[in-house]
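Here is the structure we will look at.
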Amino acid sequence: MRQAILSGALACLMLPAAACKIVPNPDPDAQSEASAAQTDEARMAVYVEDRWQGEVLPVITDNTVSYEALQAQLDEGLDAAGAAHGLRPEGEANPWNFVVTGSGTVTEAKLDSRAAKMQVDMDGDGSADVTLQLGPVIRGTALRDAMPFIVFTDFRDQIEFAKLARAMNDRASAGLEKPEGDVVGKEVSFTGVFTLRAAGDTPEIVPTELSMGGAP
Amino acid sequence: MSITRRLFVSGLAVTAVLPTVRAAHAQDKGLIAIITPSHDNPFFKAEAVGAEARAQELGYETIVLVHDDDPNKQSEMFDTAIARGASAIILDNAGADATVAPVQRAKDAGIPSFLIDREIKESGIAVSQIVSNNYQGAQLGAEEFVSLMGEEGPYVELLGREADTNAGIRSAGYHDIIDQFPDLEMVAQQSANWSQTEGYEKMETILQANPGIKGVICGNDTMAMGAWAALEAAGRTEVIVVGFDGSNDVRDSILNGGIKATVLQPAYRQAQLAVEQADQYLETGSTGQPEKQLMDCVLITSENAGDLETFALSS
């Protein structure tokens with residue numbers, strides 16, 4: 001590892017004109033030793049932790065759109081909204097992912113589950129418009145698939161790539177202050193990511209920020 | 001089986017005996033070799049048919065070969081494709097590790113490979129690896145299974161072939177959902193190697209040891225068909241069976257109230273897409289896509305089974 005860093009540093013010294021960034025890309029021997037020592041889960045958890053502040057959160061900040069603005073775009077069609085605000089991997093038929101921020105009223109909550117959720121009314125008509133997935137078990141791969149710097153080709157196989165999605169979801173869930181007690185009727189504000197396959201589907205949002213009681 | 005063998009034999013015959021026949025039949029763009037597992041499983045047949053049809057539409061000659069999940073046979077087929085001077089290879093491979101070497105050999109011979117359905121454990125050797133989003137699909141199937149089970153009861157999981165990444169990823173997707181429900185208890189988990197016959201036999205044995213099971217979740221449709229036949233033979237048609245693939249056999253079973261659900265992999269489109277990327281790569285030097293690509297799967301129940309035909313949904 002030290003060797004890799006050293007040679008990375010040397011490469012930087014030798015290329016003064018190029019923008020330099022040390023990418024942890026150890027030689028194959030070192031990599032197989034590392035993977036022998038670590039499970040996919042552990043390796044992906046480290047991968048996510050290393051990038052959470054520096055890469056994941058900036059993507060979220062840069063792509064956040066208000067719930068109302070996104071809804072207005074979605075009225076013109078999913079592809080229009082996707083082109084304006086969406087993120088998705090390249091390839092045929094990959095669904096759009098959106099980063100959305102907003103606040104609404106909790107209409108229903110299941111907080112004692114491993115897959116804790118809250119239903120939230122966003123437009124004041126009394127019926128739920130979005131689901132907030134609080135975890136720790138979170139469905140889907142929205143957070144992973146919204147990240148432009150994450151490319152499937154860079155991972156060993158679908159299993160490792162799935163563990164990466166799990167690790168992203170775990171990290172998001174762990175970073176939230178979980179609401180407790182009776183939250184129905186209370187106001188909640190959030191920023192989070194979701195996958196949208198059809199314009200009419202209910203967004204199942206993975207929050208990266210959450211606070212009870214109105215806008216932070 | 002007979003169709004498979006005939007195709008295989010005729011492929012060999014063309015290679016061995018009539019190498020010049022190609023010139024007589026050849027269209028402008030050269031030969032595409034299409035190599036898949038046995039067409040006994042309609043999934044692989046649909047891939048081969050889809051790829052062949054698209055290749056011919058685009059002006060290629062085709063040769064269709066079957067490796068029967070035997071890496072040695074697959075290796076020989078790569079030699080055949082290389083000897084024939086194929087322009088490209090469309091491959092559903094015989095093992096994530098064992099396939100790296102032949103794909104590299106083809107690459108060294110200047111022949112690009114375009115993989116479908118199954119990945120290999122290296123990137124940078126094949127030009128494209130287009131696979132179903134098995135994790136997403138398995139989660140869809142598992143959610144339907146959990147709901148059909150009423151979130152409780154003893155169940156069985158039939159796994160696919162261990163050397164195949166798709167077996168592991170589907171199982172992971174199933175358990176990421178099912179394990180959230182503590183009242184769902186897995187009483188047996190065995191590999192039936194994607195096979196209908198093994199699915200039948202394993203199900204028979206498991207049923208004897210665990211007569212109280214309420215559901216069976218399977219890594220593919222052929223195993224689901226085998227399991228369902230065993231359950232039917234035992235008079236246990238109330239047991240909930242869920243598969244994965246979206247075959248016409250399982251579609252018919254769903255429509256007749258047998259198997260309850262499956263997950264469609266867009267196999268036909270996937271094979272066609274691989275040929276289109278091969279064509280674009282041969283014409284322009286690039287597919288315009290990253291090497292590894294995922295295609296989403298669709299849940300099939302009695303509600304939409306009627307729209308399913310040969311691994312594609314009409315609507």
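The values are calculated or read from the model by the stated rules, or taken from the named source; none is laboratory data. As the structure is a prediction and not an experimental result, all values here were calculated from the model. Quick reminder, even Gly has a Cβ in these numbers, built from the backbone with ideal geometry, and neighbours come from all protein chains shown. The accessibility values were calculated without ligands, DNA or RNA, using every heavy atom of the protein model including side chains. Shrake-Rupley method; radii C 1.70, N 1.55, O 1.52, S 1.80 Å.
Assess whether B:Q104 counts as being surrounded by fewer than 23 Cβ atoms within 10 Å (Cβ to Cβ) and under 20 Å from B:Q277 (Cα atoms).
Working: surrounded by fewer than 23 Cβ atoms within 10 Å (Cβ to Cβ): yes; under 20 Å from B:Q277 (Cα atoms): yes.
In short, yes.
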> From the set of residues in the stretch B:286-315 that are open to solvent by 50 Å² or more (accessible area, probe 1.4 Å) and more than 22 Å from B:D249 (Cβ to Cβ), which is farthest from the chain's Cα centre (by Cα)?
Replying inline: B:S286
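Out of all the residues in the stretch B:156-171, which are open to solvent by 30 Å² or more (accessible area, probe 1.4 Å) and within 14 Å of another protein chain (Cβ to nearest Cβ)?
Initial filter on the stretch B:156-171 (open to solvent by 30 Å² or more (accessible area, probe 1.4 Å)): B:159, B:161-163, B:168.
Across the stretch B:156-171, the qualifying residues are B:L159, B:E162, B:A163, B:G168.
Let's see how each residue does on (1) within 13 Å of another protein chain (Cβ to nearest Cβ); (2) crowded, with 24+ Cβ neighbours inside 10 Å; (3) over 29 Å from A:D145 (Cβ atoms); (4) more than 23 Å from the chain's Cα centre (by Cα):
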| position | (1), (2), (3), (4) |
| --- | --- |
| B:E119 | yes, yes, no, no |
| B:P154 | no, no, yes, yes |
| B:G173 | yes, yes, no, no |
| B:P182 | yes, no, yes, yes |
| B:A188 | no, no, yes, yes |
| B:E201 | no, no, yes, no |
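Is it true that some residue in the stretch B:217-229 is open to solvent by 50 Å² or more (accessible area, probe 1.4 Å) and not in a helix (DSSP H, G or I)? Talk me through it step by step, then tell me what you get.
So in the stretch B:217-229, the residues open to solvent by 50 Å² or more (accessible area, probe 1.4 Å) come out as none.
Scanning the stretch B:217-229 turns up no residue that is open to solvent by 50 Å² or more (accessible area, probe 1.4 Å) and not in a helix (DSSP H, G or I).
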>> Every residue in the stretch A:100-142 that is crowded, with 20+ Cβ neighbours inside 10 Å, of a type in the set (A, V, I, L, M, F, W, C) and more than 14 Å from every other protein chain (Cβ to nearest Cβ), please.
In response: A:V100, A:V106, A:A109, A:M118, A:V120, A:V130, A:L132
>> I want to confirm something. Restricting to the stretch B:132-145 and keeping residues that are open to solvent by less than 50 Å² (accessible area, probe 1.4 Å) and touching a helix residue (DSSP H, G or I) at 6+ places or on another chain (Cβ under 6 Å), which single residue is nearest to B:L273 (Cα to Cα)?
In response: B:N134
> Could you give every pair whose Cβ atoms fall below 6 Å, whose first residue belongs to the stretch A:60-73 and is of a type outside the set (A, V, I, L, M, F, W, C), and whose second residue is open to solvent by 50 Å² or more (accessible area, probe 1.4 Å), counting only separations of at least 6 or pairs across chains?
Replying inline: A:Q73/A:A84
> Within the stretch B:256-296, restricting attention to residues that are within 14 Å of chain A (Cβ to nearest Cβ), at pLDDT 95 or above and in a loop (DSSP other than H, G, I, E, B), which residue is farthest from B:V127 (Cα to Cα)?
Replying inline: B:Q265
> How many residues does the stretch A:111-142 hold that are under 17 Å from A:E68 (Cβ atoms) and modelled with pLDDT under 90?
Replying inline: 0
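Kindly evaluate A:A81 against the criterion of being within 14 Å of chain B (Cβ to nearest Cβ) and either in contact (Cβ under 8 Å) with a residue 12 or more places away in the chain or within 17 Å of A:G192 (Cβ to Cβ) (or both). Give the derivation first.
Numbers: within 14 Å of chain B (Cβ to nearest Cβ): no; either in contact (Cβ under 8 Å) with a residue 12 or more places away in the chain or within 17 Å of A:G192 (Cβ to Cβ) (or both): yes.
In short, no.
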